[in-house]
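Down below is the structure, laid out as structure tokens.
The values are calculated or read from the model by the stated rules, or taken from the named source; none is laboratory data. Treat the numbers as computed from the prediction; the structure is a model and nothing was measured. Positions of Cβ are backbone-derived with ideal geometry, glycine not excepted, and every protein chain shown enters the neighbour counts. What goes into the accessible areas is simple: the full protein's heavy atoms, side chains included, and nothing from ligands, DNA or RNA. Shrake-Rupley method; radii C 1.70, N 1.55, O 1.52, S 1.80 Å.
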Amino acid sequence: MAIDATLLKILACPQDKGPLLYVPDELFYNPRLRRAYPIEDGLPVLLIGEARDVDVAEHEAILARAAQ
């Protein structure tokens, strides 16, 4: 499911209020904090308690997927 471009522009990390990278149909990612927020049933789950930490290898992989 595609997320509206306007929504993508206004979504921000709930923790540091900065912009998020979008990996379509997978997750939103904060590369500054290395925190990944899931997308469940087409809806972003932007709750600090639902985010997960990302290690260095996964960080690089997410950046590569988000750039596509």
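Brief remarks on what is shown
- With R₀ fixed at 22 Å, the C-beta to C-beta distance from residue 61 to residue 25 puts the FRET efficiency at about 0.90.
- Rounded to the nearest 20, the size of the Cβ-charge dipole of the chain about its Cα centre is 320 debye, with Lys and Arg at +1 and Asp and Glu at -1.
- Derived scalar couplings between HN and Hα for segment 36-42 equal 10, 10, x, 10, 10, 6, x Hz in order, rounded to whole Hz, by the Karplus curve 6.51 cos²θ - 1.76 cosθ + 1.60 (θ = phi - 60°), x for Gly and Pro.
- The label-point distance for residue 3 and residue 50, in a model that sets each label 7 Å from Cα toward Cβ, rounds to 1.1 nm.
- Highest-first arrangement of 54-62, 32-40, where packing means the average Cβ count within 10 Å: 32-40, 54-62
- Each stretch of four or more DSSP H residues adds -39500 (n - 2.57); spread over every residue of the chain, this sum gives -7000 deg cm²/dmol at 222 nm.
- Apportionment of accessible area to carbon and sulfur, segment 16-68, percent (1.4 Å): 56
- Cα pair distances exceeding 20 angstrom across the chain, given as percent: 19
- In the full protein context, the chain carries 63 Å² of accessible surface per residue, based on a 1.4 Å probe and ignoring ligands, DNA and RNA.
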